[in-house]
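Just below is one structure, and these are the notes that go with it.
Every number in this text was worked out from the coordinates using simple rules, so none of it is lab data. Given the structure is predicted, the values throughout are model-derived calculations rather than measurements. Here the Cβ is made from the backbone with ideal geometry for all residues, glycine too, and neighbour counts use every protein chain on show.
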Amino acid sequence: MAASPPPRESSFAGVQLSLFQRFLYNTADERDKLSNTIEFWDAVPKYFVSRKEMHNLRTTDGFLLKIKRTFQYGGRSFTVRIRPARLTDAQGREQEFYPSAREELVEDALRKIAAEQNHGFYEDAPENSRSGVVFSLHLLRKELAKRGHTLSYQQVTEALDVLSDASIEIFTSEGKSFLRSSILPNIVGVKLTDLKNDPKARWYADFCPLVTESIRAMTYRQFDYHNMMQHTSQLARWLHKRLAHNYTNASYMTPYECLFSSVKRDSGLLE
C-alpha cells in the first residue's frame with residue numbers, strides 16, 4: 001500500500017501538530033522522555049497474541065483465523081476483531097501474523113518520532129484528514145535501541161508490514177461497526193537495494209484515523225514514554241498507559257483502584 005507524501009499544512013493543522021509535539025518540560029533530557037498516549041486507541045486490545053500463541057494457532061499451511069476480543073472503555077462495551085497480516089518470505093512462502101508486542105513497540109516508537117519537529121505531519125481536510133510520520137529505518141531502529149529494544153532491519157520491516165496489512169475492526173455493543181482500518185493504513189517504503197545505498201532513506205506512514213482524530217480533538221495525554229518502554233513486561237507497559245489516561249487526579253491521598261477482572265478483560269494479556 002502507498003500513501004502520498006505529507007501534504008502542506010493549513011494554519012489550523014500546523015497549530016494542532018505543534019500542540020501534539022509540545023511537552024511541558026524543563027530540560028532537553030526531560031523532553032526526550034515524553035510522548036503522547038492516545039485516548040481510546042491505546043485502550044483497544046490489539047496486541048494481545050504472543051508469537052508463541054501464533055505458532056500454536058496457525059494451520060498447517062501457515063494461516064490464522066480472525067480473532068475477536070471484548071473490552072470496555074469509558075463505561076461502554078466494545079468488540080475488536082483482528083484479521084492477521086499475510087506476509088511472503090524470501091522463499092515465496094506465505095505466513096500470517098497478528099500484531100504482537102513487537103509491533104506495539106514499533107508503533108509507540110513511530111509516534112514518539114512524530115512528536116519530534118520535522119518528523120510528524122497532520123492535515124485537517126473534510127474529505128480526508130491525515131496524520132503520520134516521516135522516518136528512516138535507521139532512525140526507527142536507533143529510537144528503539146535507545147529505549148532498550150534492539151531490532152534488526154528485517155525485524156523492523158516485518159513489523160511495519162504487519163502494522164500496515166493486519167486489519168482492525170471495532171464494534172459497539174450494539175454490533176455497529178465503529179472503525180475498520182489497519183494500524184498504519186498507508187506506507188511509502190524504500191526498496192532493499194535503495195537502503196543499501198542510503199540507510200537513512202525516508203519512509204512515510206499514515207497513522208490510524210483514531211490517532212488523527214485524537215490530534216484534532218486533543219484527546220491525547222502526555223506521559224513518561226521512556227520509562228514505559230523500559231518495562232520488560234507487555235502487561236506492565238499496558239498498565240503504565242492505562243494509569244497515564246485514567247489516573248488524572250493522582251495524589252498520595254487519592255488512590256486509583258483497578259480490578260483484576262478489568263485488567264484481564266480489557267488487556268487480553270492474562271489468558
Do the sum for the chain: with -39,500 (n - 2.57) for every DSSP H run of n ≥ 4, divided by all residues, what is the mean residue ellipticity at 222 nm, to the nearest 500 deg cm²/dmol? -10500 deg cm²/dmol
Counting other beta carbons within 10 Å of each Cβ, put Met228, Met218, Met54, Met253 in order, fewest first. Met253, Met218, Met54, Met228
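In what sequence do Ile183, Ile113 fall when counting other Cβ within 10 Å, fewest first?
The order, fewest Cβ neighbours first, is Ile113, Ile183.
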Relative to the Cα centre, what is the charge dipole magnitude of the range 185-271, using +1 at the beta carbon of each Lys and Arg, -1 at the beta carbon of each Asp and Glu, and rounding to the nearest 20 debye? 140
So if I place +1 on the C-beta of Lys and Arg and -1 on the C-beta of Asp and Glu, and nothing else carries charge, what would the dipole magnitude of the range 11-246 be about its Cα centre? I want it in debye, nearest 20. 460
Please compute the modelled spin-label separation between Arg51 and Thr248, points set 7 Å along Cα→Cβ, answer in nm with one decimal. 3.8
Sequence gap at least 6, Cα distance under 8 Å: using those rules, report the relative contact order of the chain to the nearest whole percent. 26
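Take the residue pairs Lys33/Lys142; Lys33/Lys241; Lys176/Lys264; Lys52/Lys200; Lys241/Lys264 and return only those whose Cα atoms are more than 26 Å apart.
Numbers: Lys33/Lys142 15 Å; Lys33/Lys241 14 Å; Lys176/Lys264 24 Å; Lys52/Lys200 33 Å; Lys241/Lys264 15 Å.
Violating the 26 Å Cα-Cα cut-off are Lys52/Lys200.
List Lys46, Lys176 from most exposed to least, where exposure is judged by having the fewest other Cβ atoms within 10 Å. Intermediate values should be presented prior to the final figure.
On the way: Lys46 23, Lys176 8.
Going from least to most buried by this count: Lys176, Lys46.
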May I ask you to compute the full-extension gain from Lys146 to Thr70, defined as 0.36 nm times their residue separation minus their alpha-carbon distance, rounded to one decimal in nm? 23.9 nm
Please grab the % of Cα pairs in the chain that end up more than 23 Å from each other. 54
